[in-house]
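The values are calculated or read from the model by the stated rules, or taken from the named source; none is laboratory data. Remember, it's a predicted structure, so these values are computed and weren't measured experimentally. Cβ: placed from backbone, ideal geometry, glycine included. Neighbour counts: every protein chain shown.
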Amino acid sequence: MFVVIYWGDKMRVLKEKLKGLIKGSGADIGLIYAVYGDYAFRVLSLHDDRMPVEYNFSEFLHFDYNQDSVIWQVIDRKQMVINNEGKNFKPMVKGVRREIGIPVAYGGEVFAVVCLGRFKDEDIDVDLERLNQVVVEHILDIQRRFYQKLFYKSLLETMILIDEIFSEKSDFMPRHIYNVAAWAIEIAKRLKYADEDLTRIYLAAVMHDIGKIFIDKNILNKPGKLTAEEYNEMKKHAEIGYNIAKNMFLFELNARIPQWIYQHHEKWDGTGYPNGLKGEEIEREARILKVADALDAMLGERSYKKQKDIKEAISELRACRGKDFDPQIADIAVEILNERLNYSNKVLDDIFLPARLIMHTGKAEYSYEGYLSKEGEDMMFHSVKNIEEVESPLVINTLIIEKQNIIFEYRVKTKRIDANILKIYDIVEKTNELYFGLLWLLSGYIIKPDTKEAKEITITRISGNELVFICDDDYHPDEKKGMLIVIQFEDGTRVPVPGRITSKIKLNKVWHYYFAFTGITERNRDEILRQIFRKQINLKKFIYESSNKN
């Protein structure tokens with residue numbers, strides 16, 4: 001598990017000191033906002049964990065738009081500000097009746113504002129001298145926390161932007177960058193990278209193909225092999241990506257990311273591009289990206305090829321070990337594939353995951369597209385639009401995640417943190433007794449009810465009573481009509497199943513259709529279950545034989 005935000009021992013010391021001051025003042029809640037120019041970030045929030053807290057303002061304030069906050073009033077007046085009963089302006093926290101904002105200065109400049117609030121209409125009596133002393137003692141920790149928060153916000157916004165750009169260029173690119181990031185992190189963890197380094201590797205993985213935004217869309221989506229001229233054009237994306245990244249990552253901590261992006265197509269034997277580097281001349285992080293990129297190319301479908309299964313992917317990794325790939329990293333990738341039977345419990349380990357949150361009430365359904373992230377031990381859902389305040393006590397929340405071409409669904413509880421941020425907790429994966437979630441992509445086709453025409457589909461999950469499939473963007477199945485799907489198993493067996501689309505989910509610009517079997521014969525259901533059982537047995541056998549070769 002890794003996180004972007006690192007508290008550090010000194011920040012914890014500040015937290016403990018402030019807890020005592022806040023408790024002694026009679027306040028119920030204490031906030032610290034770090035101030036920088038026209039911006040302020042909430043770097044610390046202290047309150048009783050048993051007390052539900054809802055904020056009226058985002059953790060990130062732009063003073064051009066938030067002048068009705070006590071934080072701005074303190075900055076503007078350059079003095080302590082008292083806000084009783086919210087008569088002067090909106091309190092920082094909902095329900096607060098007494099609020100004071102206290103400026104903390106160093107070298108004549110206000111670098112932080114402390115806000116204390118009380119839910120009762122009673123005085124707040126704080127030792128201002130001691131409070132100022134404690135906060136000034138930790139000025140460097142507060143500023144570090146501010147820059148970490150700023151980096152975190154920039155990271156999220158960058159990833160949303162990249163996702164939107166790639167969606168315009170190619171259907172598979174948004175999924176590809178997150179899949180590569182997921183593979184890269186699994187590999188890097190086996191190599192014992194520190195948490196902050198894992199964050200950089202994840203970011204480099206998401207950015208590794210950013211140069212492709214300047215490559216012709218027709219080349220990116222060409223269904224056949226590229227010509228020599230087209231391939232040379234495609235190769236330019238490594239250098240373009242390097243030039244984009246070096247202007248984005250100006251902090252010293254992230255200075256190597258552009259180089260990793262530049263080198264991610266170099267090969268262990270020196271036959272890669274752009275510079276034909278060999279072996280350890282290639283930075284290890286770039287070697288990780290190389291293998292992660294190849295893994296998703298093998299296991300994902302592209303405009304120019306069909307996906308491979310796990311067995312084929314392992315065979316290719318072994319064949320290219322010491323040629324295309326660093327031998328150690330290739331071996332680690334094989335280990336990871338060998339463990340895919342126990343895959344689902346690792347889904348939520350990533351720093352960012354594209355996700356959709358669906359909130360069901362008795363009267364309505366609200367759907368939000370966004371990203372799942374971690375801050376400390378907390379799981380946060382960031383919606384790309386503001387989230388409705390649903391008052392119904394009967395809300396059922398479904399969190400849907402796509403990772404490495406597999407859909408995972410969870411029942412979750414939520415707590416509002418901000419206008420577009422919810423804390424996610426009590427996470428339980430949705431399953432049933434026949435559900436099968438192994439990465440096993442199958443071909444099939446759907447018979448259109450009106451024309452009887454067969455339309456090719458890719459089946460991504462299958463069980464004895466339902467399946468999930470995706471199809472080309474130009475075909476949208478009629479959800480109101482029953483239809484027939486023919487499943488093509490790997491041994492050539494074809495099984496027709498009648499049924500109906502029960503729901504659909506759009507993730508990363510791709511529709512995933514849930515198809516429930518209706519009126520299926522017991523013979524055909526038994527054949528599906530036999531195929532599933534046989535697949536499990538064969539995969540376990542292959543994994544056993546594979547692990548004995550290592």
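Things worth noting here:
- Test: residue in segment 187-195 that is under 29 Å from Pro327 (Cα atoms) and modelled with pLDDT under 80: yes
- Failed item, numbered, when Ala34 is tested on (1) buried (at least 17 other Cβ atoms within 10 Å of the Cβ); (2) in a loop (DSSP other than H, G, I, E, B); (3) in contact with a helix residue (DSSP H, G or I) (Cβ under 7 Å, 6 or more places away or on another chain): (2)
- Listed by first and then second residue, the pairs with beta-carbon distance under 7 Å, at least 6 apart or on different chains, first residue in segment 462-478 and of a type in the set (Phe, Trp, Tyr), second at pLDDT 85 or above and surrounded by 18 or more Cβ atoms within 10 Å (Cβ to Cβ), are Phe469/Gly444; Phe469/Ile457; Phe469/Ile459; Phe469/Tyr513; Phe469/Phe515.
- The residues on offer are Glu456, Glu466, and the sole one that is exposed (fewer than 14 other Cβ atoms within 10 Å of the Cβ), under 28 Å from His176 (Cβ atoms) and modelled with pLDDT of 85 or more is Glu456.
- Condition met for Ala204 (buried (at least 18 other Cβ atoms within 10 Å of the Cβ), within 21 Å of the chain's Cα centre (by Cα) and part of a helix (DSSP H, G or I)): yes
- Residue in segment 93-109 that is assigned to a loop (DSSP other than H, G, I, E, B), surrounded by 20 or more Cβ atoms within 10 Å (Cβ to Cβ), in the same structural domain as Ser25 (by TED's automatic domain parsing) and not hydroxyl-bearing (Ser, Thr, Tyr) present: yes
- Count of segment 27-78 residues which are among the small types (Gly, Ala, Ser), without any contact (Cβ under 8 Å) to a residue 60 or more places away in the chain and over 19 Å from Asn132 (Cα atoms): 2
- Residue within segment 50-63 that is touching a Cys at 6+ places or on another chain (Cβ under 8 Å) and within 25 Å of Arg416 (Cβ to Cβ) present: no
- Looking across Ile219, Ile261, one residue alone is of a type in the set (Val, Ile, Thr) and free of Cβ contacts under 8 Å to residues at least 40 places away in the same chain. It is Ile219.
- Segment 64-96, subset acidic (Asp, Glu) and more than 21 Å from Ile417 (Cβ to Cβ), residue farthest from the chain's Cα centre (by Cα): Glu85
- Candidates Tyr152, Tyr178 - the one that is at pLDDT 80 or above and surrounded by 15 or more Cβ atoms within 10 Å (Cβ to Cβ): Tyr178
- Residue in segment 120-128 that is in a helix (DSSP H, G or I), on the phi < 0 side of the Ramachandran plot and either surrounded by 15 or more Cβ atoms within 10 Å (Cβ to Cβ) or at pLDDT 85 or above (or both) present: yes
- Meets criteria (without any contact (Cβ under 8 Å) to a residue 60 or more places away in the chain and surrounded by 15 or more Cβ atoms within 10 Å (Cβ to Cβ)) for Ile82: no
- Checked against (1) in contact with an Asp or Glu (Cβ under 8 Å, 6 or more places away or on another chain); (2) surrounded by fewer than 21 Cβ atoms within 10 Å (Cβ to Cβ), Phe41 passes all but condition (2).
- Count - residues of segment 410-421 that are in contact with a Leu (Cβ under 7 Å, 6 or more places away or on another chain) and under 22 Å from Lys94 (Cα atoms): 3
- Test for Arg284: is it charged (D, E, K, R), within 28 Å of the chain's Cα centre (by Cα), within 16 Å of Ala184 (Cβ to Cβ) and modelled with pLDDT under 90: no
- The listed residues are Gly492, Gly519, Gly482, and the only one of them that is in contact (Cβ under 8 Å) with a residue 24 or more places away in the chain and out of contact with any Leu (no Cβ under 8 Å at 6 or more places or on another chain) turns out to be Gly482.
- Selection of strands (runs of 3 or more DSSP E) fully inside segment 384-435 by the criterion of at least 3 residues being modelled with pLDDT under 80 and assigned by TED's automatic domain parsing to the domain that holds Glu369 returns 406-418.
- Of all the criteria given as (1) modelled with pLDDT of 75 or more; (2) touching an Asp or Glu at 6+ places or on another chain (Cβ under 8 Å), the one not satisfied by Asn508 is (1).
- Residues of segment 336-363 that are more than 15 Å from Glu402 (Cβ to Cβ), modelled with pLDDT under 75 and polar (S, T, N, Q): Asn342, Asn345.
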